[in-house]
Structure formats: structure tokens, C-alpha cells
Amino acid sequence: MFKNIVVGYDDSKSSEKALERAVGIAKSCGAKLHIVGVIRPIDFGYIGYITPEEIEEYEKEEITKEERFLKKAMEKVTKEGLEATYKVLEGDPAEELMSYADENNCDLIVVGRRGSGGLKRLLMGSTSSTIVKYANQDVLVVV
Ligand SMILES: Nc1ncnc2c1ncn2[C@@H]1O[C@H](COP(=O)(O)OP(=O)(O)OP(=O)(O)O)[C@@H](O)[C@H]1O
Ligand SMILES: [Mg+2]
């Protein structure tokens, strides 16, 4: 069955559920779990108003924050005896998750139905709906 499962993790309740489900599937297939968090690059509107050093500082801070909660997720997962890895990427979440899946031989992408942004009334967020449409792998949207 699945050998490499990538889960999109944005620290939302929904992605927490996605992670739990991914853990269950990874266990039952003996798959490796890839926990991926994507941060957005700084808004271009700021460029020109702040120095390159400040941009670098901002990105470092974002990466550190992201790594902190990905590591926490990793701890939980490895406690379950699973083989896992984590990665912080920068860019558009859907694009980055799909490229990661392509480049790392992943055969399943797991995401939550909604994430940390978005409107509650929307049924599905833009990250999960883009992935459902365009991914080259099987996709599981956890509700
Ligand atoms: N930055 C991210 N890094 C990793 N995974 C993400 C990220 N953003 C979203 N995801 C994954 O996609 C799922 C759905 O989130 P999505 O972004 O589509 O919804 P939303 O935030 O509610 O809406 P939108 O972003 O369209 O305003 C999340 O549960 C998570 O699994
Ligand atoms: Mg989102």
C-alpha cells in the first residue's frame, strides 16, 4: 500500500486531525510520514519599506516558529514508533505540498478540509481544493 505519506500541517485543528489520520494510515501500511509546513514569503508590498536585513530577520523568525510546532508534531509521531521526517517550505502551500510530494516519491497527500485561515462558511479551503484538483498522487481530505 502507501509507502510515503505527506501531510500538510499548519497548526490548525483541521490539520491536527489530518495528522492523526495520516498516522493511522502510516501505521497500518508501514509507511514513512512526511510532515510539511509551508510559510508564506514576505508580502511584496513591504519591499522597499523595510531593509533586506529586516526581511531576512522576518523569514528566520517565521521558520523558527514553524519548526517549533513541526517538531512538536514530530515528537508525537515518533512516540507512536513511526518513521517520520519534517520540512519547512516557503511559498504557496498547495504548490509547495504538491512539489514536495512529487520530489519525494510520496504516494498519498493528506490535508484537512480547512486550515488556519479561511471563512468558516466555506466547505473547503483553497489549499485542499487546489491539491484535490491538481495533485499527481492520491489525496485524502480529512473532515
Ligand atoms: N501553510 C500550510 N502548510 C502546510 N499545510 C497547509 C498549509 N495551509 C493549509 N494546509 C493544509 O491544507 C488544509 C486546508 O487548509 P486551507 O488552507 O485549504 O484552508 P483555509 O486556511 O481554511 O482556507 P484558505 O487558506 O483558502 O483561506 C489544512 O488543514 C492543512 O492540512
Ligand atoms: Mg489556509
#### Entry: Where residue 7 falls short, out of the listed (1) touching a His at 6+ places or on another chain (Cβ under 8 Å); (2) away from ligand 2 (no atom under 16 Å from the Cβ)
(2)
#### Entry: Residues (farther than 17 Å from residue 132 by Cα, more than 11 Å from the chain's Cα centre (by Cα) and not in a loop (DSSP other than H, G, I, E, B)) located in segment 1-20
4, 13, 17, 20
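So which of 48, 37 is free of Cβ contacts under 8 Å to residues at least 60 places away in the same chain and within 13 Å of ligand 2 (Cβ to nearest atom)?
Unique residue meeting the criteria: 37.
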### Query
In the set 52, 41, which member is touching a strand residue (DSSP E or B) at 6+ places or on another chain (Cβ under 9 Å), modelled with pLDDT under 95, exposed (fewer than 15 other Cβ atoms within 10 Å of the Cβ) and closer than 21 Å to residue 90 by Cβ?
41
### Task
Looking only at segment 42-57, decide whether some residue is within 21 Å of residue 142 (Cα to Cα) and either touching a Leu at 6+ places or on another chain (Cβ under 7 Å) or part of a strand (DSSP E or B) (or both).
no
### Query
If you check 87, 133, 120, which single one turns out to be more than 20 Å from residue 21 (Cβ to Cβ), among the basic types (Lys, Arg) and either within 15 Å of ligand 2 (Cβ to nearest atom) or surrounded by 15 or more Cβ atoms within 10 Å (Cβ to Cβ) (or both)?
120
### Matching residues, segment 91-139, being near ligand 1 (Cβ under 10 Å from one of its atoms) and assigned to a strand (DSSP E or B)
109, 110, 111, 112
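The values are calculated or read from the model by the stated rules, or taken from the named source; none is laboratory data. Keep in mind that this is a model prediction, so the values were computed, not measured. Glycine gets a Cβ as well: all are built from the backbone with ideal geometry, and neighbour counts include every protein chain shown.
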